[in-house]
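A quick write-up on the structure given underneath.
The values are calculated or read from the model by the stated rules, or taken from the named source; none is laboratory data. The model shown is predicted, which means the values in this text are computed figures rather than measured ones. Positions of Cβ are generated from backbone atoms using ideal geometry, with glycine treated the same way; all protein chains shown enter the neighbour counts. All accessible areas refer to the heavy atoms of the entire protein, side chains included, with ligands and DNA or RNA removed. Shrake-Rupley method; radii C 1.70, N 1.55, O 1.52, S 1.80 Å.
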Amino acid sequence: MKQLFLLFIAAYCIVCLPACQNKKKSLPRIAIAGLAIESSTFSPALTDEAAFHTMYGKNVFAFYPFLSADSPLLKRADWIPAVVGYALPGGAVTTAAYESLVGKMVDSLKRNGPYDGLYFDIHGAMSVVGLDDPEGDMLKRIRKVVGYNTIISTSMDLHGNVTESLAENTDLITCHRMAPHEDGMQTKQRAVESLLQRIESGKGKPAYKAWIPIPVLLPGEKTSTRIEPGKSIYAAVAPASKQPGITDADIWIGYAWADEPRNHAVVMVCGDDKEKVIQTAEQLAHRFWDARMAFAFVAPTLSWKQSLDSALASKKHPFFISDMGDNPTAGGAGDVSWTLSQLLSYPAFKDSNGPSVIYASLPAPELIQQAIKVGVGKEVDGYAGAKVDARFAPPAHIKGIVESIVKGDKDAVVEVSVKVGSIHVILTEKRKPYHNEIDFTRLGLHPRKTDIVVVKIGYLQPELYVMQAAWVMALTPGGVDQDIEHLPYKRIQRPMFPLDKTMKEPDLTARLIPVSGSAPSK
Ligand SMILES: [Zn+2]
């Protein structure tokens, strides 16, 4: 009986195992790799490797909700994550950090290949000291390892830059369609679904990629999709990409605070229907170009003095002021102390019963240590900011009472609220943008009940946008000065709108980019 049973098992294995293995083999093998940062070359700050909070191997899954343990997408492939890193926007990345991270990425891809597909997750506005087009460079180095049989799908921020080299080495490409980027994760999921669809259907790489550079360079604060003309231009993108014969259609605004030939807007459309691909790309490009004069700041934009005078005169509270020039989410150092110093010197706020103000935020590692030492309710006396970018003001003198200390934030590490006169000053160990209500309430602060809230960001993120009774954007100094017409550009292509206002109509004819691997790489 025992022999019979063993014979049965052996026969079962001979018949069924190869089938089981084949079934397993039929799942496509898809790698995941990418590094994302938006970095200003007009800021003296530098970004190191630690800033990327890099995830390796299986740890990468936690970053993508659409690849969670029970998600349908996870079951459709054998996923082989290599290296994914996300840094807060900042200054240019050091050569050592870039080489180390790309080295690890390439090694991991080499070890675990071959791949049917690769999901390339980038922002697209990384600057690296001494290197042009880092994302294009990274993708070339990835291609050297994975070859051209692998279909690569790239997802980007619409403030990223798409060079011809990047366009050539990727097969599928998409970017956000909303600013602020409420569709951040949807964009990534679209890139992954589109990759799976092309692999599973056997259609492979799209046959045509149309790429159109548009000589327009605008700051994100002028191109929100909440208002016109961005609203209707971007509303046309999803329907354009759903046409038969099109795999994706997208518009990149580009990144205004770096000085490379690639910094400008781009339209890209991919698909199998040549005429449709060309026609759609040209339509989107003309629509964007034709609207260039209409892009305006998303909120009233005033000098600092006008902003504060408006806030003090207003009956609407909370009155939000964006301290835009050093916005860390656009690539500012995040430690320019100019605005806080101005606030602290204002007579109306010297008295603790003056108009209530929250200032968020400024790095002050030494003051944080002092606050931890003395504790809540006690006085601290020291300096904040201007360690990285002291071009506009020296460190701000802070003398006040510690109101709260919170430890453990991924970006800030430690946050302290210090009351100086009627101002609640939020200090951090490392820079952090304040986007959500909980960022304030966990420090015991209540922006809804505060007269004036000054935040070191550009356009307000959704939670703050909903909360504001009034909002102005202040033209303050810093590494992401919104007055881009006065930035010392030397290397961007000219003519460029709005720097060259009288420029002629550009050539917006679609350029067909060769299918990856079909021509010598650029
Ligand atoms: Zn962006």
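Only aspartates and glutamates eight or more places from Lys144 in sequence, or on another chain, were considered; those with a Cα closer than 13 Å are Asp107. Per-peptide packing, taken as the mean over residues of other Cβ atoms within 10 Å, places 290-303, 208-221 in the sequence 208-221, 290-303 from highest down. Its relative contact order, with pairs defined as Cα atoms under 8 Å and 6+ residues apart, puts segment 56-191 at 20 percent. In the context of the full set of protein chains, segment 344-457 has a per residue accessible area of 44 Å² (1.4 Å probe). Packing, taken as the mean count of other beta carbons within 10 Å per residue, orders the peptides 43-52, 118-127 from highest to lowest as 118-127, 43-52.
Annotation: amide H of Ile214 within the under-5 Å range of Ala265, Val266, Val267, sequence separation 5 or more or interchain, hydrogens built in the peptide plane. On the beta carbon distance between Lys407 and Ala207, with R0 = 56 Å, the FRET formula returns roughly 0.55. Based on the Kirkwood approach, the hydrodynamic radius assigned to the chain is 24.6 Å, with every pair of different Cα atoms included.
What does the charge add up to near Ala249, with Lys and Arg as +1, Asp and Glu as -1, over the other residues with Cβ less than 13 Å from its Cβ? Walk me through the intermediate numbers first.
Working: positive: Arg177, Arg190, Lys209, Lys242, Lys276, Arg287; negative: Asp248, Asp250, Asp273, Glu282.
Value of the local net charge: +2.
Answer rounded, prolate or oblate for segment 439-490, using the Cα gyration tensor with square roots of eigenvalues a ≥ b ≥ c: rounded when a/c is under 1.5, else prolate when a/b is larger than b/c, else oblate. It comes out prolate by the Cα gyration axes. In the chain, the DSSP beta bridges split such that about 45 percent are antiparallel, to the nearest 5.
Would you work out if segment 176-233 is rounded, prolate or oblate? Take a ≥ b ≥ c from the square roots of the eigenvalues of the alpha-carbon gyration tensor; rounded if a/c is under 1.5, else prolate when a/b is larger than b/c, oblate otherwise. Verdict is oblate for segment 176-233.
Can you give the FRET efficiency for Ala291 and Tyr465, using 1/(1 + (r/R0)^6), R0 = 30 Å, r = Cβ-Cβ distance, to the nearest 0.05? Present the calculation step by step, with values, prior to reporting the outcome.
On the way: r = 23 Å, r/R0 = 0.76.
Computed FRET efficiency for Ala291 and Tyr465: 0.85.
From helices alone, the chain scores -8500 deg cm²/dmol at 222 nm; the rule is -39500 (n - 2.57) for each run of n ≥ 4 DSSP H residues, then divide by the residue total.
With all protein chains present, how much of the accessible area of the chain (probe radius 1.4 Å) comes from carbon and sulfur, to the nearest whole percent? Present the calculation step by step, with values, prior to reporting the outcome.
Details: 12140 of 21360 Å².
For the chain, the apolar C and S fraction of the accessible surface comes to 57 percent.
Run the simple label-point estimate for Arg111 and Ala235 please: 7 Å along Cα→C-beta, distance reported in nm. A separation of 5.0 nm, rounded to one decimal place.
Can you tell me the accessible area per residue over segment 253-334, all protein chains present, probe 1.4 angstrom, in square angstrom?
Values: 2720 Å² over 82 residues.
It amounts to 33 Å² per residue over segment 253-334.
In the complete set of protein chains, residue-level accessible area for Glu366 is approximately 110 Å², probe 1.4 angstrom.
Ordering 492-500, 341-349 by mean Cβ neighbour count within 10 Å, with the highest value first, yields 341-349, 492-500.
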